[in-house]
Amino acid sequence: MMLKRSELWQLIAIHFKELLREPGVLFWGIAFPILMAWGLGIAFTSEKKTKKDIAIINLTPGGMLEGFLKENASREANGQGSAIFDLSVIDPVFGENLFRFLPLDSARATIGVKRGMYQLIIDNYGDSSVFHLDPANPEARLLQLQLASVLGKTTADASFSGLNTVPLEMRGTRYIDFLVPGLVAMNIMMACMWGMSWTIIERRKGNMLRRMIVTPVRRHNILLGLMTARITMNFAEAFLLMLFAWFYFDIDIQGSIAALVLVFVAGNIAFTGIAILTSSRTSNTEIGNGIINFVNMPMMILSGVFFSYHNFPEWSIPFIQNLPLTLLADSMRSIINEGAGLSEILDKTIIMGTIGFISFGLGLKFFKWY
């Protein structure tokens, strides 16, 4: 009995020593989750302050709403001949709410809603105002209730003769219209990173790659074959998702089909190249899991798949806009919801293709076959 216990403790000690000999496992299994929690904690809990941008169209000079904003909000120039009104409201429970009212024309306000920059449009008519929002968007409904309270809707001495709510009916302005292209883009990223990177790491671990390179085939063709198969599967998955969205949610592609196909191919090239680079060295699945999550998680959070990245601090927006997933999601939304063509998405397509080719070249250069 004592001998069996000794064997068990020896085996446990062996496994602990194996883990300690792999610093990468310790980093990705312990340090990386702590760093992620720290980063997200700073992003979402550092201040009890929320900032919301609201688009205003037809702001009547001398009207009730303009008078209210001039009296209660601070003004700042936006460099386009009009002023932005910043209204700060202190809540003892939820902290400070900063509402930024941006006077815009109808076209720019609508584009902003389609891109997730605004959840609400206020159409001003003299002493009355109309809220335009997607009723299925809970964030927009909460914002509408907050503003209704601030502007006097829920008070006995309401200053406005009318403060009504009208659903947004223009195509591309619903939350589901914003969400579906982001889901297609995210699926491309996840399919490439897990479908390729994880497959390569497991094949390297099982010496399958070593067996493949002794066959009379070129090494880069092995990787190109895997990439082509993955892109083909991604096309089928994206087609079925868009077909379901068209049938169930009545989502139409308003822009160029050719531009959408080009963006789709460029996005797949970008992420298959990144997948090759990510999986180019390690044969340890735990380290590989950490590296894949290190690539995926920040983009899933920052790139505006589920909510607009314009909610993040302004200094971070230029960086976020150049992430591969952001480029892909923004391009798809501009085509599907805004009617964009080839010329509007050509620059993003070139950037994604360049990222893919550079990543593939680096991955092939440092690739470890066994």
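Filtering region 95-133 to residues that are of a type in the set (A, V, I, L, M), assigned to a strand (DSSP E or B) and touching a residue at least 60 places away in the same chain (Cβ under 8 Å) leaves 121, 122.
Would it be correct to say that residue 335 is of a type in the set (A, V, I, L, M, F, W, C) and within 19 Å of the chain's Cα centre (by Cα)?
yes
The residue pairs whose first member lies in region 342-370 and is over 24 Å from residue 281 (Cβ atoms) and in the same structural domain as residue 220 (by TED's automatic domain parsing), whose second member is modelled with pLDDT of 90 or more and of a type in the set (Phe, Trp, Tyr), and whose beta carbons are closer than 7 Å, counting only pairs six or more residues apart or on different chains, do not exist in this structure. Each residue in region 278-289 was checked for being part of a helix (DSSP H, G or I) and surrounded by fewer than 22 Cβ atoms within 10 Å (Cβ to Cβ), and 4 pass. Among the residues of region 240-260, the ones that are under 20 Å from the mean Cα position of the chain (by Cα) and part of a helix (DSSP H, G or I) come to 4 in all.
Beta carbons closer than 6 Å, at least 6 apart along the sequence or on distinct chains, never pair a first residue in region 242-269 that is on the phi > 0 side of the Ramachandran plot with a second that is of a type in the set (Ser, Thr, Tyr).
Scanning region 341-365 for residues that are farther than 15 Å from residue 264 by Cβ and charged (D, E, K, R) turns up 344, 347, 365.
Scoring residue 214 on the criteria (1) within 25 Å of the chain's Cα centre (by Cα); (2) without any contact (Cβ under 8 Å) to a residue 60 or more places away in the chain; (3) surrounded by fewer than 20 Cβ atoms within 10 Å (Cβ to Cβ) leaves a single failure, condition (1). Scanning region 134-150 for residues that are touching a residue at least 12 places away in the same chain (Cβ under 8 Å) and more than 17 Å from residue 307 (Cα to Cα) yields 144, 146, 147, 148, 150.
Test residue 251 against the criterion of being crowded, with 20+ Cβ neighbours inside 10 Å and in contact with a Ser or Thr (Cβ under 8 Å, 6 or more places away or on another chain), and give yes or no. Walk me through how you get there before you give the answer.
Working: crowded, with 20+ Cβ neighbours inside 10 Å: yes; in contact with a Ser or Thr (Cβ under 8 Å, 6 or more places away or on another chain): no.
Considered against the rule, which asks whether it is crowded, with 20+ Cβ neighbours inside 10 Å and in contact with a Ser or Thr (Cβ under 8 Å, 6 or more places away or on another chain), residue 251 comes out as no.
The values are calculated or read from the model by the stated rules, or taken from the named source; none is laboratory data. Bear in mind that the values here come from a model prediction, so they are computed numbers and not experimental data. Because the Cβ atoms are built from the backbone with ideal geometry, glycine has one as well, and the counts that use them run over all protein chains shown.
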